[in-house]
Amino acid sequence: MTDRLDDPPADRIAPPTWLRTGAPAAVLAALPGARAVGGAVRDTLAGRPVHDVDVAAALPPEAIAERLRAAGLKVFETGLQHGTVTAVLQHEPVEVTSLRRDLATDGRHATVAWTDDWREDAARRDFTINALSLDAEGRLWDYFAGRADLAAGKVRFVGDPATRLAEDYLRVLRFFRFQARYGRGEPDPAALVAIRAAVPGMARLSAERVWMELKRLLEAPAIVPALLLMRDCGVLDAMLPEAGDIAPLGRLAAPPEPVLRLSVLLGGGPPEKGEAVSRRLRFSGEESKRLRALLTTPPPAPDLDGGALRRWLADTLPAAATDAAWAAEALDGQDRCALRARIAAMPRPVFPLQGRDALALGIPPGPAVGRALAEVRRWWWEGGCTATAAACHAELRARAESLRLPGPPPGT
């Protein structure tokens, strides 16, 4: 496959290591003329780590799969109707996609046809910084000045922004994610005009796609300016009406974890607000559990004494303890650095008795067991959660007499 006459002259860069080794190198060797595309090229030029490599080739997907298998790679037809297969070499995956052009779009999905025109394929991508391609020799194709936009911190749609958004309204959220990661200075005004007009169309997006994109946005570094811009454009209220004050996120110094950041954006509660978000955006069970734990855990005061801290830890899910301290610090502005260190160093107190301990003392099965354990746990908790298992057994034994019921008469 040779370049079309209207292709611009290719720049040249030193081929990065990820392009010369492993699965990407094997894929490019098996598909002469193929190029790495998208994020891996963008992040290489930006001097950022490359995590996933995507490749495009001017062949139909069936031909791509055949050549990859002939070269000894495992091939999985992960998205054949969209022209995509996944090649795997020594557990390293590379997505390989046929060059495409859109036949029809509806704001959510596209009907595509295969093409051998690299410019046409690049023209259907969302942003100029994602429309770059790089071959095995380090030749770089840049059809829409994406390299200059990347250097300037400009997130700009390929071609007409309104057209790109009408093809897929999820690109509204992608704009803010890329703005938070790569943008500097004032955002592209043409993009903002188109985004404001596109907000009603976002109602057509599936909950799963929205949450997938919001999660990636909530992991981005410059999250506060991006969210403020989203609110100004009407996007935040449309997609996350439960969101509260954005300013506390600027005080959240924890590592960028999406559910923790979301809990702060929701104002720390009430839990019903989090449950509404979880249901609407179809969180996984683990995500729902984590958000609920963060929204129901009482915020720890910065100056808790030893007993109070042990009581707080005893009532807090282990996974939520440190994050709850981070969230509380962001929401009320009180420094909890020392408290977080104490939480990290203190083992979480665990009440040492179980139902079988009550049954062994003759307390009958049923509500009496739960009542006895609750009474002893309260005693243990009020004492700062320091009583040993032996002491708790003794306390349970002292209370057991009043909870025993007469046994059945002999012989019955």
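So here's what we get for this one:
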quantity	calculated
Label point distance in nm, Ala398-Glu92, each placed 7 Å from Cα along Cα→Cβ	6.6
Spatially near lysine pairs across the chain, Cα under 27 Å, sequence gap of 8 or more or different chains	4
Charge dipole magnitude, Cβ of K and R +1, D and E -1 - segment 115-195, Cα centre, debye nearest 20	440
Cα-centre dipole for the chain with unit charges at Cβ (Lys and Arg positive, Asp and Glu negative), debye to 20	1040
Helix-only CD estimate at 222 nm, as mean residue ellipticity for the chain, using -39500 (n - 2.57) per DSSP H run (n ≥ 4)	-13500 deg cm²/dmol
Long-range Cα-Cα pairs in segment 51-135 (distance over 20 Å), rounded percent	34
Where Rh is the Kirkwood radius over Cα pairs, Rg/Rh for the chain	1.13
Cβ-based charge dipole, the chain, positive-most Cα from Leu205, Ala301, Leu80	Ala301
Rounded to 10°, Cα long-axis angle of helix 271-280 versus longest principal axis of the chain	40
Mean Cβ neighbour count within 10 Å, used as a protection proxy, ranking 256-263, 300-307, 373-380, 191-198 highest first	256-263, 191-198, 373-380, 300-307
Relative contact order (%) - segment 1-152, alpha-carbon pairs under 8 angstrom, separation at least six	28
Sequence-separation-based contact order of segment 257-350, relative, with Cα cut under 8 Å and 6+ spacing, percent	31
Relative contact order (%) - the chain, alpha-carbon pairs under 8 angstrom, separation at least six	9
Ranked list, fewest to most other Cβ atoms within 10 Å of each Cβ, for Lys273, Lys289	Lys289, Lys273
Only Lys, Arg (+1) and Asp, Glu (-1) charged, at Cβ; segment 154-241 dipole about Cα centre in debye	200
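Taken together, the values in this text are just the output of simple stated rules run on the coordinates, not laboratory data. As the structure is a computational prediction, the values presented were derived from the model and not from experiment. When we count neighbours, we look across all protein chains shown, and the Cβ atoms used for this are built from the backbone with ideal geometry, even at glycine.
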